[in-house]
Structure formats: structure tokens, C-alpha cells
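*Asks:* Please see the structure below; I have some questions.
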Amino acid sequence: MEEYIISLEDLKKLADNLIKEGTDLFLPSPDNSRFVRLKKADELKLAPEARPSDISAKQAAFPKCDPVLFYKRDKSTVELKDAEPSANQVLFGLKPCDAAAFGIMNKVFNWDYKDNFFNKRLENTLVIGLACTYSDDYCFCTSVGLSPVSETGSDIFLVRLSDAQFAARAVTDKGIQFVKKYSQLFAKGDSSKSKPALESIKGPARKFDSKKVKDWLDKNFETDFFNPVGDTCLGCGQCAFVCPTCHCFDIVDEDYSYSEGRRMKNWDACQFSLFTLHASGHNPRDNQAKRYRQRVNHKFKYYIDRFKEILCTGCGRCSRGCPVTIDIGSIVTKIGNLT
Amino acid sequence: MENIYKPYLMEIKEIIDETVDTRTLRLQFRSEEDKKRFSFKAGQFAEYSVFGEGECTFCIASPPTRMDFIECSFKQVGKVTNALRRLNVGDTIGFRGPYGNWFPVEEMKGKNIVFIAGGIGLAPVRSVILNVLDRRKEFKDITIIYGARSVGDLVYKRELREWQGMSDVRTVVTVDPGGETPDWKGEIGFVPTIVEKAAPKSDNAVSIICGPPIMIKFTLPVMMKLGFKEENIITTLENRMKCGLGKCGRCNIGNIYVCKDGPVFSYSQLKVLPQEY
């Protein structure tokens with residue numbers, strides 16, 4: 001793999017060029033709550049030691065509210081206009097647990113019918129990943145097939161060598177083309193530079209065997225294991241909204257005048273009590289324990305059955321943000337120990 | 001860019017009130033091109049929408065052998081079905097589909113067929129019944145057993161009469177005890193009881209059962225007693241859906257997407273699914 005060296009100054013120059021060209025740059029906000037647009041290049045900061053932003057980067061390809069078509073009613077006729085997702089964006093400094101999520105979601109959005117809203121955005125997004133030196137009690141990327149240094153999902157992968165210098169690896173064709181385009185900013189390097197930096201990254205302490213978790217879930221659908229967490233869970237759905245891989249959505253019409261409106265794809269969450277409620281009043285998941293069972297099964301069993309991927313990158317956001325301190329990592333660790 | 005969420009536009013050609021709260025719409029594609037391109041199989045479903053109100057999921061109630069109209073029947077229960085009821089002949093609705101799998105009509109050729117339906121569960125079954133009747137020679141004995149809570153709740157009354165008048169179809173119509181009127185000439189009793197009484201033969205037979213879960217639950221043991229094989233009892237599941245495309249993530253039962261792997265399932269398939277429907 002091609003490896004380069006780029007200074008923070010040159011990264012800022014790169015950002016400046018991109019902004020001037022009209023590319024949207026996104027990176028974690030200074031308070032690390034969400035991804036925000038970078039307006040001035042000299043505000044660019046890359047912080048491998050920061051915790052994952054409270055809200056993941058998934059909006060880049062799967063926005064919270066996404067118009068899919070516009071309609072106009074006139075007496076008894078209706079006129080439809082397609083919504084065209086426009087994206088020309090670079091995501092800066094994504095944690096490996098954020099970058100990997102796009103490829104995981106890509107499976108469900110393309111396994112049969114193709115969701116081109118997701119596809120077109122992803123196509124027009126360049127992901128610049130960043131080796132992560134943060135870890136806390138909630139992180140568990142190494143238990144779900146990733147690591148703080150995995151390049152999965154990144155087009156270009158940065159490793160901090162010093163405060164002012166980064167190693168840059170061109171991971172995908174898109175990344176290689178990008179580096180070529182701005183070659184004056186990238187100096188040739190080699191892996192001897194990044195190797196010691198990568199080796200010094202320890203990764204999270206928490207470890208569980210995701211295969212054992214799946215083995216247990218395969219055999220234990222009817223279980224009272226989820227009753228205690230069902231009693232605790234408020235069903236607020238924050239876990240799904242901050243998650244980089246949760247992709248459930250609702251389809252909703254929004255009128256913005258008497259005759260016009262748009263049809264939206266809006267985020268939804270399996271923890272909401274109305275999520276599966278039938279028109280008849282029947283609800284297949286009629287209590288929170290069943291809804292939590294769905295969440296764990298979808299991530300650690302169903303998605304693997306269907307798409308051969310764990311629907312989780314171990315970022316720990318759902319646990320860090322949970323208002324009643326439910327920690328999915330400790331729950332699946334417990335499950336892993338049951339077999 | 002191909003947009004999988006974009007519906008066809010359809011015009012309401014005719015409105016038929018089935019019961020006090022159940023209505024059938026006869027729909028026609030606004031565009032000739034869409035009409036030519038469109039095809040479906042009995043048992044498939046679609047997302048119907050009123051622009052400004054949203055989408056809802058019903059089966060296609062008409063058969064693929066009658067393509068002049070697409071028909072859907074719905075009960076007035078929520079936001080979109082209420083909005084659908086406010087529409088008039090000539091109005092436009094959105095239609096996305098067809099989605100999901102279908103009844104194995106081709107595999108049913110040369111077999112005896114037993115249709116069992118309760119309430120509005122007759123809608124998906126009607127699509128197959130009419131499909132089979134339009135190709136009558138390809139199938140052997142046909143039995144239709146249909147029940148509703150009361151005489152007023154029977155849907156497709158004109159067709160029930162038609163089927164009852166056919167010499168090569170056995171049609172049994174029943175209402176729940178207490179749901180009869182003084183001039184009611186049909187059976188009185190719950191569907192499982194009437195199925196047992198009618199005792200359709202299970203040799204070389206396939207059965208299609210649709211209706212409320214409670215009806216299906218009590219009809220299945222009767223079918224087993226009559227000797228039907230689990231793989232020859234076919235039903236549909238009606239989980240809540242939004243996209244119909246295997247993406248939005250709410251219709252799943254275990255790792256099965258009802259919208260893609262269903263809605264048609266055999267009893268032998270159902271038996272191994274987790275109890276989450």
C-alpha cells in the first residue's frame with residue numbers, strides 16, 4: 001500500500017483547497033457532540049485521542065431526514081418530482097468504528113432493491129480515517145472484528161506521528177486518485193514511519209467472543225434473559241439514533257403548503273413501542289424486553305445470518321449516551337459467557 | 001437515478017363499499033406505459049399512498065388474470081385509510097409494488113384446493129380464488145369456506161353469491177353465533193367449527209388460509225385432523241411494514257423479512273419461526 005507523509009499545515013492547505021472547490025468538509029465538532037461542516041481550514045483539528053463523537057457520522061450517507069420525492073396536488077391529479085441527493089463531501093478524521101459502518105449498512109441498502117439515496121451519497125463521499133488512540137470502558141471494536149487501527153471503510157487512513165505530522169495511507173482507488181490530485185501536499189513515505197505509532201496503540205480492554213454470543217442467540221430466542229434490561233430501558237431510542245450502523249427508518253409525508261409536500265425517509269428505532277404496532281392493535285413486540293431482544297439479535301445474529309456482518313462496530317456510543325446506563329457491551333459479554 | 005421509493009400514480013375508477021367500514025378501490029394506472037410494464041402474482045402486496053398523509057400496506061385483492069384494474073380492499077382504521085376513504089372517483093393515489101412472494105398457484109395445478117378465510121382475510125385469498133377460477137380447468141375440486149363476525153361484516157358479497165351459484169365450486173359461508181340475521185341462510189358458527197363440519201378432503205389437496213390470528217390458530221389443528229400436510233397449508237403474515245423492500249427493518253421475524261421472504265408462508269415454514277408475529 002502506498003504510504004505518504006503529510007503535515008498538519010498541509011492538511012489545512014488541503015482542506016482550504018477543498019473548501020474553495022466547493023467540497024463540503026465534515027469533522028467532529030470541537031465539543032465532540034456531532035459532525036459539523038468545517039468552514040475555515042485553519043480550524044481543522046485531528047484528535048485521535050478524543051472519544052467518538054456523541055452522534056455517529058452515518059448522516060453522511062443516511063441522513064436523519066431524507067426527502068425521497070416531492071409531490072404537488074392539483075384537484076384530483078398529482079405531480080411527482082424526484083429528489084436528487086447531492087453530496088460532494090469529505091469526512092475528516094473518522095474513527096475506524098465510524099468508517100467501517102458505511103460498508104456494513106451498504107449490505108442492507110443493496111442486497112435486493114438498491115437504495116440510490118444511500119449509494120449516491122456514499123459514492124460522492126471521501127472518507128479520511130484516523131487511527132484511534134482513545135479507549136474507555138464502553139469501547140469494544142476488537143470484539144467485533146475491527147480495531148483502533150483498521151482501515152476498513154477509509155479511502156485514506158491517517159496515523160498521527162507527532163502533533164504536526166501524519167502518515168497517510170491511500171487505501172482505496174478513490175483514495176489513490178485523491179492523493180494523486182493533491183500530490184504536491186503528500187510526500188512519499190513508508191510503513192517504517194507509521195509502524196511504531198500503530199504498534200503503540202493498545203485498543204480497548206473489553207473483550208468478548210462474538211461467535212459465542214451468536215451461538216447463544218441462535219439457541220435462545222425464548223428467554224427471560226432480556227427481562228431485567230427490558231424493565232430498565234425507557235424505549236427512548238437514543239441508542240439507535242447515535243449508532244453508526246442502525247438503519248431502520250420510517251416513511252412519512254410532510255406537507256409544506258396546501259398543495260405541496262415531500263415524502264421523507266426518517267430515522268426510526270426498534271426500541272419505540274409503536275415501531276411494530278399493527279393497525280389492528282396487535283403488537284408482536286409488545287414489551288421492552290422483546291424490543292431489546294430484537295436490538296441485540298439484529299446486531300449480533302440476524303444481520304450475520306443475512307449479510308455475514310456484525311451490525312455493530314463497537315464504538316460504545318449507545319452505552320455512553322444511554323440515560324439509564326444500559327451497556328450493550330456488558331450485556332453481550334454476559335451472553336458470551338452463558339455458552 | 002432509479003428511485004425505489006417512487007410510486008406509480010393511479011386513478012380511482014370505482015369505489016365499492018363492502019361493509020360499513022371496509023371499502024374496495026378499483027384503480028387504473030395514470031400512465032399507459034406503467035400499465036404495460038406492470039405485472040404481479042396472486043398474494044403479492046403493495047404500498048398505497050395518499051399524498052400528504054402517507055403510505056399503507058395491503059395486498060392486491062384482484063387476480064393477475066384481470067389486468068384492467070388493480071383492486072385493493074381496506075378497513076378504515078388509521079390515518080392513511082381514513083384519508084383513502086375521503087377520496088372520490090377520479091382522484092389520484094400512489095402505488096408502489098408489487099412486493100413480496102406469492103401463492104404457489106403453478107404448483108397447485110391438478111390439485112384440490114381448499115380456501116379458508118375470515119373477515120377481511122378474504123382479500124388476499126380472493127386474488128387466488130379469482131385467479132384459479134379464471135383458469136378453472138387446470139385445477140380439481142375447489143372448496144371455499146368463508147366466515148365473518150356478522151352478516152354485515154361479510155366482504156365481496158356479490159362474488160360470494162356468484163361462487164355459491166357455480167356448480168363446480170363448493171362455497172360455504174358462515175357467521176359467528178349471534179352475527180346472523182333472521183333471513184340468514186348460511187352456516188352459523190366459528191370458522192374452525194365449520195371447517196370441521198364441511199370436512200374438505202385432504203388427498204392431493206392444498207389449503208390457503210387467511211384471517212385473524214385467532215382463527216388461524218384454531219383452524220390449524222382441525223386441518224391436521226383432516227389429514228392436511230403442514231407443507232400444504234399456506235397462509236400469509238401481515239407484519240407492519242414501511243418500505244416493502246427489505247430495508248426499513250420492522251417486519252422481521254427472526255432473520256426473516258416478511259416483506260421479502262413472505263408474506264406467503266407454509267405452515268411448515270411458520271412452525272420453525274420464532275413466535276414474534
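*Asks:* Would it be correct to say that A:Tyr258 is closer than 18 Å to A:Thr333 by Cα and more than 19 Å from the chain's Cα centre (by Cα)?
*Replies:* So A:Tyr258 fails the test.
*Asks:* Would you mind telling me which numbered condition in (1) more than 30 Å from A:Ala87 (Cβ to Cβ); (2) within 12 Å of chain A (Cβ to nearest Cβ); (3) surrounded by 15 or more Cβ atoms within 10 Å (Cβ to Cβ) B:Lys79 fails?
*Replies:* Of (1) more than 30 Å from A:Ala87 (Cβ to Cβ); (2) within 12 Å of chain A (Cβ to nearest Cβ); (3) surrounded by 15 or more Cβ atoms within 10 Å (Cβ to Cβ), only one is false for B:Lys79: (3).
*Asks:* Hey, can you tell me all the residues within the stretch B:1-52 that are among the hydrophobic types (A, V, I, L, M, F, W, C) and within 24 Å of B:Asn82 (Cβ to Cβ)? Walk me through it before giving the result.
*Replies:* Within the stretch B:1-52, the first condition is being among the hydrophobic types (A, V, I, L, M, F, W, C), and the residues that meet it are B:1, B:4, B:9-10, B:12, B:15-16, B:20, B:25, B:27, B:29, B:38, B:40, B:42, B:45-46, B:50-51.
Residues satisfying the conditions are B:Leu9, B:Met10, B:Ile12, B:Ile15, B:Ile16, B:Val20, B:Leu25, B:Leu27, B:Phe45, B:Ala46, B:Val50, B:Phe51.
*Asks:* Tell me which of these A:Ala279 doesn't satisfy, since it passes every other one: (1) at pLDDT 95 or above; (2) facing chain B (nearest Cβ under 7 Å).
*Replies:* The failed condition is (1).
*Asks:* Sort through B:Val128, B:Val169, B:Val114, B:Val155 and tell me the only one that's over 14 Å from B:Ser73 (Cβ atoms), touching a helix residue (DSSP H, G or I) at 6+ places or on another chain (Cβ under 6 Å) and at pLDDT 95 or above.
*Replies:* Sole residue among the options that is over 14 Å from B:Ser73 (Cβ atoms), touching a helix residue (DSSP H, G or I) at 6+ places or on another chain (Cβ under 6 Å) and at pLDDT 95 or above: B:Val169.
*Asks:* Take the stretch B:1-27 and flag every residue that is away from chain A (no Cβ under 13 Å) and open to solvent by 20 Å² or more (accessible area, probe 1.4 Å).
*Replies:* If the condition is that a residue be away from chain A (no Cβ under 13 Å) and open to solvent by 20 Å² or more (accessible area, probe 1.4 Å), then B:Glu14, B:Ile15, B:Ile16, B:Asp17, B:Val20, B:Arg23, B:Arg26 are the ones that fit.
*Asks:* Cβ contacts < 8 Å: first residue without any contact (Cβ under 8 Å) to a residue 40 or more places away in the chain and among the charged types (D, E, K, R), restricted to the stretch B:94-121; second residue open to solvent by 10 Å² or more (accessible area, probe 1.4 Å) and in a helix (DSSP H, G or I), any location; separation 6+ or different chain. Result?
*Replies:* Between residues of the stretch B:94-121 that are without any contact (Cβ under 8 Å) to a residue 40 or more places away in the chain and among the charged types (D, E, K, R) and residues that are open to solvent by 10 Å² or more (accessible area, probe 1.4 Å) and in a helix (DSSP H, G or I), the close pairs are B:Lys109/B:Glu138.
*Asks:* Within the stretch B:193-214, take every residue that is open to solvent by 20 Å² or more (accessible area, probe 1.4 Å) and within 19 Å of the chain's Cα centre (by Cα) and give me the one that is nearest to B:Ile234 (Cα to Cα).
*Replies:* B:Gly211
*Asks:* OK, next. Residues that are closer than 30 Å to A:Phe62 by Cα, at pLDDT 95 or above and within 14 Å of chain A (Cβ to nearest Cβ), at least 1 per element: which helices (runs of 4 or more DSSP H) completely within the stretch B:194-277 meet that?
*Replies:* The helices (runs of 4 or more DSSP H) meeting that bar are B:258-261.
*Asks:* On to the next question. Looking at (1) more than 24 Å from B:Leu160 (Cα to Cα); (2) more than 13 Å from chain A (Cβ to nearest Cβ), find the lone condition where B:Glu71 falls short.
*Replies:* If we test B:Glu71 against (1) more than 24 Å from B:Leu160 (Cα to Cα); (2) more than 13 Å from chain A (Cβ to nearest Cβ), just (1) comes out false.
*Asks:* Here's a follow-up. Select from the stretch A:219-247 the residues that are surrounded by 16 or more Cβ atoms within 10 Å (Cβ to Cβ) and part of a helix (DSSP H, G or I) and write down the one among them that is nearest to the other protein chains (Cβ to nearest Cβ).
*Replies:* Among those that are surrounded by 16 or more Cβ atoms within 10 Å (Cβ to Cβ) and part of a helix (DSSP H, G or I), it is A:Ala240.
*Asks:* OK, next. Among the residues of the stretch A:201-219, write down those that are more than 11 Å from A:Thr333 (Cα to Cα) and either touching a helix residue (DSSP H, G or I) at 6+ places or on another chain (Cβ under 8 Å) or touching a residue at least 12 places away in the same chain (Cβ under 8 Å) (or both).
*Replies:* Passing the criteria: A:Ile201, A:Lys202, A:Gly203, A:Pro204, A:Ala205, A:Lys214, A:Asp215, A:Trp216, A:Leu217, A:Asp218.
*Asks:* Would you point out which residue out of A:Gly103, A:Gly129, A:Gly145 is over 24 Å from A:Ser191 (Cα atoms), more than 14 Å from chain B (Cβ to nearest Cβ) and modelled with pLDDT of 95 or more?
*Replies:* Matching residue, one of A:Gly103, A:Gly129, A:Gly145: A:Gly103.
*Asks:* Working only within the stretch B:91-112, note down all residues that are open to solvent by 20 Å² or more (accessible area, probe 1.4 Å), part of a loop (DSSP other than H, G, I, E, B) and either among the acidic types (Asp, Glu) or within 14 Å of chain A (Cβ to nearest Cβ) (or both).
*Replies:* B:Asp91, B:Asn101
*Asks:* Among the residues of the stretch A:66-111, how many are outside any helix (DSSP H, G or I) and open to solvent by 60 Å² or more (accessible area, probe 1.4 Å)? Spell out the reasoning first.
*Replies:* Taking the stretch A:66-111 and keeping what is outside any helix (DSSP H, G or I), we get A:66-95, A:111.
Checking the rest, the ones that are also open to solvent by 60 Å² or more (accessible area, probe 1.4 Å) come to A:72-75, A:77, A:79, A:81, A:84, A:86, A:88, A:111.
Residues in the stretch A:66-111 being outside any helix (DSSP H, G or I) and open to solvent by 60 Å² or more (accessible area, probe 1.4 Å): 11 in total.
*Asks:* Something else about it: Which one of these is within 25 Å of A:Lys12 (Cα to Cα), surrounded by fewer than 20 Cβ atoms within 10 Å (Cβ to Cβ) and away from chain B (no Cβ under 14 Å): A:Ala57, A:Ala50?
*Replies:* Of the residues listed, the single one that is within 25 Å of A:Lys12 (Cα to Cα), surrounded by fewer than 20 Cβ atoms within 10 Å (Cβ to Cβ) and away from chain B (no Cβ under 14 Å) is A:Ala50.
*Asks:* Kindly indicate the residue of the stretch B:137-186 that is of a type in the set (S, T, N, Q) and within 30 Å of B:Asp203 (Cα to Cα) and also most open to solvent (accessible area, probe 1.4 Å) among those meeting that condition.
*Replies:* B:Ser167
*Asks:* Look through A:Arg317, A:Arg295, A:Arg291, A:Arg262 and report the one residue that is in contact with a strand residue (DSSP E or B) (Cβ under 6 Å, 6 or more places away or on another chain) and more than 8 Å from every other protein chain (Cβ to nearest Cβ).
*Replies:* Values: A:Arg317 fails: in contact with a strand residue (DSSP E or B) (Cβ under 6 Å, 6 or more places away or on another chain); A:Arg295 fails: in contact with a strand residue (DSSP E or B) (Cβ under 6 Å, 6 or more places away or on another chain); A:Arg291 fails: in contact with a strand residue (DSSP E or B) (Cβ under 6 Å, 6 or more places away or on another chain).
The unique qualifying residue is A:Arg262.
*Asks:* Another question, if that's okay. I'm trying to understand the selection: among the residues of the stretch B:46-70, which are open to solvent by less than 10 Å² (accessible area, probe 1.4 Å) and outside any loop (DSSP other than H, G, I, E, B)?
*Replies:* Correct list: B:Ala46, B:Glu47, B:Tyr48, B:Ser49, B:Gly54, B:Ile70.
The values are calculated or read from the model by the stated rules, or taken from the named source; none is laboratory data. None of these values were measured; they are calculated from a predicted model. Glycine gets a Cβ as well: all are built from the backbone with ideal geometry, and neighbour counts include every protein chain shown. The protein model used for the area step is the full one, side chains on, heavy atoms only, and it has no ligands, DNA or RNA in it. Shrake-Rupley method; radii C 1.70, N 1.55, O 1.52, S 1.80 Å.
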